[in-house]
1. Could you look at the chain and say what percent of its accessible area is carbon and sulfur, using a 1.4 Å probe and all protein chains?
2. Quick one: which residues, 5 or more positions from Phe17 or on another chain, have an amide H under 5 Å from its amide H? H modelled 1.01 Å from N in the peptide plane, none for Pro or chain starts.
3. Only Cα pairs under 8 Å and at least 6 apart count here; give the relative contact order of the chain as a rounded whole percent.
4. Thinking of the range 45-102 as a set of Cα atoms, what percent of all their pairs are more than 16 Å apart?
5. What does DSSP give for the chain in terms of the percent of beta bridges that are antiparallel, rounded to the nearest 5?
6. Kindly rank 46-52, 95-101 from highest to lowest mean number of other beta carbons found within 10 Å of each residue.
7. Quick one: which residues, 5 or more positions from Asn44 or on another chain, have an amide H under 5 Å from its amide H? H modelled 1.01 Å from N in the peptide plane, none for Pro or chain starts.
8. May I ask which residue of Ile38, Leu27, Ala9 lies farthest towards the positive end of the charge dipole of the range 1-51, with charges of +1 (Lys, Arg) and -1 (Asp, Glu) on Cβ and the Cα centre as origin?
Amino acid sequence: MQLAASKTAQFLTQNEFNHVELDDNVLVVSSHTLEERIPFNVWNGKVAVKRGLLWSGLQFFAHESEGRQQSWLVQGLSLASCRKFAKYAVEAYQVWHEKQCRDLFAVLPQWEQAISGFVRQHHSFLIHHSIAG
């Protein structure tokens, strides 16, 4: 699914993001001069619909890192299409996130067992070269 601003909105927003699409677990936001690909593991699944006077926009948020949170704002879109895309994108993110959790839970017991075995074999402080290879 993809959304693009009207020609008038693209002209008025100049170099701001005015196009968004969902491409295989990646959000793609773009303008005439720039494209950013935001993988689902960077996006935190939150999207805000920003209502404006002439048109609306979508703001996508990254996971917070070191007390800062990045976001991407796509402007020049109709309010109805923003709401529809936001719902679609969040549903796609939730499906992806649930699969990530299932995959993690499937391998977690093996990881825990491997770590426990390692700890049992090495009771004391280890220097780096003894475990590096």
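1. Numbers: 5000 of 9290 Å².
Ligands and nucleic acids excluded, carbon and sulfur give 54 percent.
2. Under 5 Å from the amide H of Phe17: Gln75.
3. The value is 20 percent.
4. Result: 51 percent of Cα pairs exceed 16 Å.
5. Details: 24 of 25 bridges.
About 95 percent, rounded to the nearest 5.
6. Ranked by mean Cβ neighbours within 10 Å, highest first: 46-52, 95-101.
7. Phe61, Ala62, His63
8. Value: Ala9.
The values are calculated or read from the model by the stated rules, or taken from the named source; none is laboratory data. Owing to the predicted nature of the structure, the values given are computational and were not obtained by experimental measurement. Reconstructed Cβ throughout: ideal geometry from the backbone, glycine too, with neighbour counts over all protein chains shown. Ligands, DNA and RNA are excluded from the accessible area calculation, which covers all protein heavy atoms including side chains. Shrake-Rupley method; radii C 1.70, N 1.55, O 1.52, S 1.80 Å.
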